[in-house]
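Structure incoming, see below.
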Amino acid sequence: MKILENEKLKVFDEHQNQIGIASREEVHLLGHWHEAFHCWFVSREEDECYIYLQIRSEMKKDYPNLIDITAAGHLLAHESIEDGIREIKEEIGIEVSFNELIPAGVFKYSVVKGKFIDNELAHIFLYETNHTLLDFTLQMEEVSGIVKVRFSEFYELWVGKKEEVNILGFEINNEGQRTSINRLVGRNDFVPHESTYYEHIFTSIKKIIEE
């Protein structure tokens with residue numbers, strides 16, 4: 001964990017101008033704006049659209065065991081936005097080229113949790129995937145499972161029309177074996193992203209599924 005805290009990140013002012021470089025620990029302590037890469041996997045199966053989500057490892061310092069974006073992470077000081085695709089390969093074992101991604105803009109994202117201040121410039125991308133659940137290979141220190149949920153139900157959950165949605169997928173247990181997941185989850189089972197962030201994601205996904 002200490003290695004991660006010492007990672008160097010570019011820091012920015014509120015107008016997205018780079019103003020220096022700082023350690024990951026300092027960035028979250030002082031609330032510096034920094035860059036992150038977010039990638040949402042979307043699939044079309046017959047007449048349904050699904051979103052793939054990761055379950056964060058119990059070893060994670062922040063939000064362990066909660067459901068989150070398919071693949072996401074910080075962009076290091078020496079990295080470009082295009083280098084963010086390494087997060088996809090590292091976390092969930094799927095090879096994706098940058099030109100396969102659909103840009104969904106930059107979202108200024110701010111979360112404060114005690115002394116943890118996360119001010120991100122999130123570079124958001126969508127990836128329309130044909131992969132199945134069997135294709136995912138997980139980085140256990142980061143991700144313990146992959147699930148999918150109907151986009152329509154996911155949307156209804158976050159706009160308050162549903163209290164629970166059904167997720168399907170798998171989790172890796174302590175023995176390293178895949179165990180199936182088929183259960184109902186509510187908003188408290190997810191990383192608490194801002195409602196405006198989800199609105200941005202919904203708008204972006206609707207554009208590609210309505211094409």
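The values are calculated or read from the model by the stated rules, or taken from the named source; none is laboratory data. Owing to the predicted nature of the structure, the values given are computational and were not obtained by experimental measurement. Cβ sites come from the backbone with ideal geometry, for glycine too, and all protein chains shown count toward neighbours. Ligands, DNA and RNA are excluded from the accessible area calculation, which covers all protein heavy atoms including side chains. Shrake-Rupley method; radii C 1.70, N 1.55, O 1.52, S 1.80 Å.
Restricting to region 125-145, name every residue that is among the polar types (S, T, N, Q) and in contact with a Gly (Cβ under 8 Å, 6 or more places away or on another chain).
Within region 125-145, Thr137, Gln139 qualify.
In addition: Looking only at region 133-158, how many residues end up being open to solvent by 70 Å² or more (accessible area, probe 1.4 Å) and not basic (Lys, Arg)?
3
Sticking with this one: In region 29-43, which residues are open to solvent by 20 Å² or more (accessible area, probe 1.4 Å), hydrophobic (A, V, I, L, M, F, W, C) and assigned to a strand (DSSP E or B)?
Trp33
Considering only region 37-81, state which residues are aromatic (Phe, Trp, Tyr), in contact with a Lys or Arg (Cβ under 8 Å, 6 or more places away or on another chain) and at pLDDT 95 or above.
Hits for region 37-81 are Tyr50, Tyr52.
Can you tell me which residue in region 21-46 is farthest from the chain's Cα centre (by Cα), limited to those that are small (Gly, Ala, Ser) and under 30 Å from Asn130 (Cβ atoms)?
Among residues in region 21-46 that are small (Gly, Ala, Ser) and under 30 Å from Asn130 (Cβ atoms), the one farthest from the chain's Cα centre (by Cα) is Ser43.
Hey, could you check region 161-207 for residues that are assigned to a loop (DSSP other than H, G, I, E, B) and at pLDDT 95 or above and say which is least open to solvent (accessible area, probe 1.4 Å)?
Gly186
Can I ask one more? Is one or more of the residues making up region 134-144 touching a Pro at 6+ places or on another chain (Cβ under 8 Å), more than 17 Å from Lys206 (Cα to Cα), aliphatic (A, V, I, L, M) and at pLDDT below 95?
Looking through region 134-144, none of the residues is touching a Pro at 6+ places or on another chain (Cβ under 8 Å), more than 17 Å from Lys206 (Cα to Cα), aliphatic (A, V, I, L, M) and at pLDDT below 95.
In addition: Just a yes or no: is a residue in region 149-157 small (Gly, Ala, Ser) and farther than 19 Å from Glu87 by Cα?
Among the residues of region 149-157, at least one is small (Gly, Ala, Ser) and farther than 19 Å from Glu87 by Cα, which makes the answer yes.
Now, a different point. Would you pick out the residues in region 61-83 that are out of contact with any helix residue (DSSP H, G or I) (no Cβ under 8 Å at 6 or more places or on another chain) and in a helix (DSSP H, G or I)?
Ile81, Asp83
Here is a yes/no grid of residues against (1) β-branched (Val, Ile, Thr); (2) open to solvent by less than 20 Å² (accessible area, probe 1.4 Å); (3) within 30 Å of Asp13 (Cβ to Cβ); (4) in contact (Cβ under 8 Å) with a residue 24 or more places away in the chain:
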| position | (1), (2), (3), (4) |
| --- | --- |
| Glu45 | no, no, no, no |
| Tyr50 | no, no, no, yes |
| Ser57 | no, yes, no, yes |
| Asn99 | no, no, no, no |
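Just for region 134-149: of the residues that are in contact (Cβ under 8 Å) with a residue 24 or more places away in the chain, not in a loop (DSSP other than H, G, I, E, B) and not polar (S, T, N, Q), which one is farthest from Pro64 (Cα to Cα)?
Taking the candidates together, the pick is Asp135.
Related question: Can you name the residue in region 18-28 that is open to solvent by 80 Å² or more (accessible area, probe 1.4 Å) and at pLDDT 95 or above and, of all such residues, is nearest to Lys108 (Cα to Cα)?
Gln18
As an exercise: evaluate Ile124 against (1) of a type outside the set (S, T, N, Q); (2) part of a strand (DSSP E or B); (3) farther than 28 Å from His34 by Cβ; (4) open to solvent by less than 60 Å² (accessible area, probe 1.4 Å) and give the number of the one condition it does not meet.
Looking at each condition in turn, Ile124 falls short on (3).
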